[in-house]
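**Student:** Questions regarding the structure given below will be posed in turn.
The values are calculated or read from the model by the stated rules, or taken from the named source; none is laboratory data. Keep in mind it's a predicted model, so treat the numbers as computed, not measured. FYI the Cβ positions are ideal-geometry reconstructions off the backbone, even for glycines, and counts take in every protein chain you see.
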Amino acid sequence: MDDTSEVICPYCFERVEIYVDPETQGELVQDCDVCCRPWALHIARTEDGELLILAVRAQ
């Protein structure tokens, strides 16, 4: 199962579609495709497999 999700950049507020490997959970850092600033992505999945992503400014 390939997962893509749309997140809003916490810096430039653009909507960006990202791909998340089906086995990925936890935290990772990724740069915005628009403004190139770093995000801290918090990735979780519900019991039924729904992908939940929170993008915040990375320190």
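**Student:** List pairs: first residue in segment 11-32 and at pLDDT 95 or above and surrounded by 13 or more Cβ atoms within 10 Å (Cβ to Cβ), second residue assigned to a loop (DSSP other than H, G, I, E, B) and of a type in the set (Ser, Thr, Tyr) anywhere in the structure, Cβ distance under 9 angstrom, at least six positions apart or on different chains.
**Tutor:** Cys32/Tyr11
**Student:** Hey, can you tell me all the residues within segment 1-32 that are assigned to a loop (DSSP other than H, G, I, E, B) and either within 18 Å of Glu50 (Cβ to Cβ) or out of contact with any strand residue (DSSP E or B) (no Cβ under 9 Å at 6 or more places or on another chain) (or both)? Don't jump to the end; show me each part of the working.
**Tutor:** Our first condition is that a residue be assigned to a loop (DSSP other than H, G, I, E, B); within segment 1-32, this holds for 1-2, 9-14, 21-25, 32.
Result: Met1, Asp2, Cys12, Phe13, Asp21, Pro22, Glu23, Thr24, Gln25.
**Student:** Follow-up. Any residue at all in segment 37-57 that's part of a loop (DSSP other than H, G, I, E, B) and either of a type in the set (A, V, I, L, M, F, W, C) or surrounded by 14 or more Cβ atoms within 10 Å (Cβ to Cβ) (or both)?
**Tutor:** No, the conditions are met nowhere in segment 37-57.
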